[in-house]
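Q: The structure under discussion is supplied below as C-alpha cells; questions concerning it will follow.
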Amino acid sequence: MQIESLKVFCDLAETESFTKAAQINNVTQSAVSQQISALERLFKSLLIERSKKKFRLTREGQVLYDYSKQIIQTYESLHSKLQELKDIISGTIRVATIYSIGLHDLPPYVKKFMKSYPTVNIHVEYRRANQVYDDVFSNVVDLGLVAYPVKDSKLEIIPLRKEPLVLICHPQHPFTQQKSIKLKALAGQKIIGFEPDIPTRKALDKILKEHHVEVKHVMEFDNVETVKRAVEIDAGISIVPLGTVIQEIAKQTLASVEIEDGQFFRPLAAIYKKNKVLSPAMKQFLTILKDAP
C-alpha cells in the first residue's frame with residue numbers, strides 16, 4: 001500500500017467522483033478504480049457502496065477515510081517541512097479564479113512569481129464564482145481567487161486588496177459631458193449587468209438599493225468581457241471593476257464617469273480549504289499575491 005493510493009481514496013471520498021479524483025491525481029478513471037479495488041482487497045472490506053444514483057462510503061470506508069486523511073496531512077506536512085529545510089520551492093500550484101481576476105489582476109503576479117521561482121508550474125482554471133468554491137472544497141485546486149469572499153467554517157480566506165468600481169459608458173454618451181454624476185441618475189438608464197447570481201452583481205444591487213435607485217437591466221452576462229462589448233456598442237451603461245477597463249479607457253472605446261455618492265470597491269481574496277497543508281511554493285505565491293505587482 002502506498003500513500004498515493006490513500007490520497008486517491010480520500011479525493012474520491014471528498015469529490016464523490018471518479019472523474020474528479022482521476023483529474024486531481026493525473027491518472028485515468030480506470031487507475032482510480034484499480035487502486036480502490038486494491039485497497040478493498042488489502043483490508044478485506046467493501047469501502048464504497050457502488051450505485052449509479054448515489055455515492056456513499058461504507059462504515060469501513062469512513063474509518064479508512066478518517067485515518068487516511070490524518071496520514072496524508074502528516075505526510076504533506078513532513079514533505080513541506082523538508083522542502084523548507086532544503087530551501088526548495090518547486091512543484092505545481094493549481095489555481096481556480098473568476099474570469100475578471102484571471103484575465104486582468106492575476107497575470108502580473110504570475111509573471112513576478114515565475115521570474116523568482118521558474119521551477120514551479122502554475123495551472124490556472126477560469127471558473128464562475130460558485131465553481132471556484134466547489135473546486136476548492138473538493139481539492140480539485142489548491143487555491144481559489146474570488147471577489148466578495150463568502151465566509152465558511154471550512155475555508156481560510158486571505159484578503160488581497162480592494163479594487164475600485166467605476167461607471168462606464170460609450171464615449172458619446174451624455175454622461176461624458178459631466179464631471180461626475182449621482183447614482184440616482186442611473187434611474188431610467190439602460191443597464192448592462194452581470195447575471196443575478198454573480199457576487200459583483202449582488203453587491204451592486206445592494207449599493208443601488210441602499211441609495212434608493214431602481215434600475216432596469218436590459219442585458220445580463222456572466223463575464224465582464226461581454227459586458228464591456230455591449231457598452232462599447234452603446235447598448236447601455238454599466239458599473240465594473242476599474243482594472244478590467246483600463247485598456248479600453250486608454251483607447252477611448254469606453255469612457256468612465258466619476259460617481260459623486262462615494263467610492264465603491266470590490267474586495268478580492270484568495271481562499272483555500274481549512275487544514276490544507278501549504279507547500280513552500282503555495283506560501284510564496286500567496287505572499288506575492290498580497291504584495292503590489
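Q: Which of the aspartates and glutamates could a cross-linker span from Lys44 if the Cα-Cα distance has to be under 12 Å and same-chain partners fewer than 8 positions apart are dropped?
A: Within reach: Glu60.
Q: Between Arg161 and Ala31, how many nm apart are label points set 7 Å from Cα along the C-beta direction?
A: Result for the modelled spin labels: 3.9 nm.
Q: Still on this structure, I have one more. Rule-of-thumb check for the range 3-85: C-alpha Rg over 2.2 N^0.38 Å?
A: 1.13
Q: Also: What dipole magnitude, in Debye to the nearest 20, does the range 3-85 give about its Cα centre under +1 on Lys/Arg Cβ and -1 on Asp/Glu Cβ?
A: 400 debye
Q: Nearest 5 is fine: what % of DSSP beta bridges in the chain come out antiparallel, could you say?
A: Roughly 55 percent of the beta bridges in the chain run antiparallel, per DSSP.
Q: Just want the answer: with Cβ charges of +1 for Lys and Arg and -1 for Asp and Glu, which residue in Val146, Val166, Thr226 is farthest toward the dipole's positive end in the chain?
A: Val146
Q: Test of understanding: what is the full-extension gain from Phe55 to Ile71, defined as 0.36 nm times their sequence separation minus their Cα-Cα distance?
A: So the chain would gain 3.4 nm between Phe55 and Ile71.
Q: Can you give the FRET efficiency to the nearest 0.05 for Gln263 and Thr119, using r as the Cβ-Cβ distance and R₀ = 51 Å?
A: E between Gln263 and Thr119, to the nearest 0.05, is 0.80.
Q: Something else: How big is the gap, in Å, between the Cα center of the range 218-285 and the Cα center of the range 73-120?
A: For the range 218-285 versus the range 73-120, the Cα centre distance is 24 Å.
Q: Mind putting a number on the dipole of the chain about its Cα centre? Charges go on the C-beta only, +1 for Lys and Arg and -1 for Asp and Glu, and I need it in Debye to the nearest 20.
A: 400 debye
Q: Additional query: In deg cm²/dmol and to the nearest 500, what is the mean residue ellipticity at 222 nm of the chain if only DSSP H runs of at least 4 residues count, each as -39500 (n - 2.57), divided by the residue total?
A: My calculation for the chain gives -13000 deg cm²/dmol from helical runs alone.
Q: Which entries of Lys54/Lys283; Lys7/Lys54; Lys202/Lys290; Lys54/Lys276; Lys86/Lys274 have Cα-Cα distances beyond 29 Å here?
A: The pairs that break the limit, which is 29 Å between Cα atoms, are Lys54/Lys283.
Q: Let me ask something else about it. With a ≥ b ≥ c taken as the square roots of the eigenvalues of the C-alpha gyration tensor of the range 52-102, please select rounded if a/c is under 1.5 and otherwise prolate if a/b is larger than b/c or oblate if it is not?
A: oblate
Q: Averaging sequence separations of C-alpha pairs under 8 Å and six or more residues apart, then dividing by the length of the chain, give the relative contact order as a whole percent.
A: Result for the chain is 22 percent.
Q: Among Tyr65, Ala21, Ser45, whose Cα sits farthest toward the positive end of the charge dipole of the range 1-75 (+1 at Cβ of Lys/Arg, -1 at Cβ of Asp/Glu, about the Cα centre)?
A: It is Ser45, whose Cα lies furthest towards the positive end.
Q: Okay, moving on. Starting from 0.36 nm per residue, how many nanometres of slack lie between Ala235 and Glu214 once their C-alpha separation is accounted for?
A: Gain on extension, Ala235 to Glu214, equals 5.7 nm.
Readers should treat all values here as calculations from the given coordinates under stated rules, not as data from a laboratory. Every value quoted in this text rests on a predicted model; they were computed, and no experiment measured them. Quick reminder, even Gly has a Cβ in these numbers, built from the backbone with ideal geometry, and neighbours come from all protein chains shown.
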